[in-house]
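Novice: Structure incoming, see below.
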Amino acid sequence: MVDNSYEKQHLKKVRTFIYITIALIFLMIFIFISIFLLFFSMSGILDIAYFLPKLAIFSFLISIVFSVLAIKNLFGKILLVLNIFLMLFMIFFGP
């Protein structure tokens, strides 16, 4: 007989790793767009008429979703808090 509990536990860890990886990818996209908006652009993060703020908000939302899916892990919690603080920084201190 095969022990299914070990396999289920391993699959949960793999699923959490995938969620964290996807959240990190979209967080990095959000950070790069935020840096571009802060240093080079004259628009802010909430200027929805332009393409880059739309892309930044979309990547922020995807990163939040995958961070919430991985909330049981410490890295998921850290990513969620980092996403929220970065968005608040961009709203209040961005151009």
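Computed from the coordinates by the stated procedures, all read-outs in this text should not be read as laboratory data. It should be emphasised that the depicted structure is a prediction, and the values quoted were computed from it without experimental measurement. Every residue, glycine among them, receives a Cβ derived from its backbone with ideal geometry; neighbour counts consider all protein chains shown.
Novice: State, to one decimal in nm, how far the label point of R15 lies from the label point of K72, with both points 7 Å from Cα in the Cβ direction.
Specialist: Those two pseudo-labels are separated by 0.7 nm.
Novice: Along each of its three principal axes, how wide is the spread of alpha-carbon positions in the range 43-95, in whole angstrom units, largest first?
Specialist: 36, 19, 8
Novice: Picking from F26, L46, Y6, whose Cα lies most toward the positive end of the charge dipole for the chain (charges on Cβ: Lys, Arg +1; Asp, Glu -1)?
Specialist: Positive-most Cα among the choices belongs to Y6.
Novice: Also, I was wondering about something else. With percent of Cα pairs over 22 Å apart defined as stated, name the option among (1) 23; (2) 37; (3) 41 computed from the structure displayed.
Specialist: (2)
Novice: About the Cα centre, and with charges only on the beta carbon of Lys, Arg (+1) and Asp, Glu (-1), how big is the dipole of the chain? Nearest 20 debye, please. Each step should come with its number before you reach the end.
Specialist: Details: 7 positive and 3 negative charges, 52 e Å.
Around 260 debye, computed over the chain.
Novice: Oh, and also: Lys pairs in the chain, Cα-Cα under 25 Å, at least 8 apart or on separate chains: how many? Intermediate values should be presented prior to the final figure.
Specialist: Values: K8/K72; K8/K77; K12/K72; K12/K77; K13/K72; K13/K77; K54/K77.
Within the chain, the lysine pair count is 7.
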